[in-house]
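Read-outs throughout are calculated quantities, based only on the coordinates presented, and are distinct from any laboratory measurement. It should be emphasised that the depicted structure is a prediction, and the values quoted were computed from it without experimental measurement. Heads up, the Cβs are rebuilt from the backbone with ideal geometry, glycines too, and the neighbour counts pull from every protein chain shown.
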Amino acid sequence: MVFLRDGDLASPGEPICVAEEYMPGENVELDKGGVVVSILRGRVSYDNKRRVVRVEPLKFVERLRVGDKVLAEVKEVQDKIAIASILSINGRLIKHPRTAVILPNPGMRKTMDQYVGIGDLVVASVVTTFMGIIGLSIWRQDLGVVLARCDKCSGMLKRVRRSLVCVRCGRTEKRKIVPQYGSIAYLISMMG
Ligand SMILES: [Zn+2]
């Protein structure tokens, strides 16, 4: 019997699976009932070949705090949210990028693709880390897209007066940009 799936978040003492299914590995222990439980907060990882289960500690999530400023790359744009991969925190690059969710502006009427696009680099603020889900906001004046890519051809979008134009195909697109849009110096300052 498996209680938590691969990649699920486990809390200390939380049952993961029965020992008949998977042997206990790192950061787990066997309780009296033969159930493998987590000893810390982290993500469940099953090794199906060796039939071993372990928990990877969520060091990063614990280090990430509400109010931190992050640089992230947009991976997926949905109707009201976007999925992004965090590349740096407070001006320091991180080793293992973490997935986060760009949350909608309260009362937002337009869809998220009017503000960010896939491949864009955005500066965002962490607004929640509840249950290990990193929620980001880009709505403050100093937050938003630093460098954007064309939705059609992935070319760089250049700022031309109040709009963004693709250097490759000439397409015009909309983004929620930072005042320093397109500044490589600003991007470098965000990466440390
Ligand atoms: Zn283009």
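According to the square roots a ≥ b ≥ c of the eigenvalues of the Cα gyration tensor, what is the shape class of region 9-57, taking rounded for a/c under 1.5, prolate for a/b larger than b/c otherwise, and oblate for the remainder? Don't skip to the answer; put the middle values down first.
On the way: a/c = 2.07, a/b = 1.10, b/c = 1.87.
It comes out oblate by the Cα gyration axes.
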message: Cut-off 10 angstrom, C-alpha nodes, Gaussian network model of the chain. Which of 28, 160, 55 fluctuates the most?
response: 160
- request: State, to one decimal in nm, how far the label point of residue 114 lies from the label point of residue 83, with both points 7 Å from Cα in the Cβ direction.
  value: 2.4 nm
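Rounding to the nearest 20 debye, state how big the charge dipole of region 1-126 is about its Cα centre with +1 on each Lys and Arg Cβ and -1 on each Asp and Glu Cβ.
Around 400 debye, computed over region 1-126.
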message: As a footprinting exposure proxy, order 171, 98, 161, 50 by other Cβ within 10 Å, with the fewest listed first.
response: 161, 50, 171, 98
query: For region 9-57, with only Lys/Arg (+1) and Asp/Glu (-1) charged at the beta-carbon, what is the dipole magnitude about the Cα centre, in debye rounded to 20?
result: 120 debye
- prompt: Label-point separation (nm) for residue 50 and residue 95, each offset 7 Å from Cα along Cα-to-Cβ?
  reply: 1.8 nm
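Could you give the dipole magnitude of region 65-191 about its Cα centre, charging the beta-carbon of Lys and Arg +1 and that of Asp and Glu -1, in debye to the nearest 20? Spell out each step's value before the answer.
Working: 21 positive and 9 negative charges, 71 e Å.
The dipole magnitude comes to about 340 debye.
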- line: HN-Hα couplings for region 97-113 via Karplus (6.51, -1.76, 1.60; θ = phi - 60°), in whole Hz with x for Gly/Pro, come out as x, 10, 7, 9, 10, 7, 8, x, 6, x, x, 5, 9, 6, 7, 4, 5
query: Rounded to the nearest whole Å³, what is the per residue volume of the convex hull around the Cα atoms of the chain?
result: 141 Å³
- prompt: Which one of 126, 145, 107 has its Cα pushed farthest toward the positive end of the charge dipole of the chain, where Lys and Arg give +1 and Asp and Glu give -1 at the Cβ?
  reply: 145
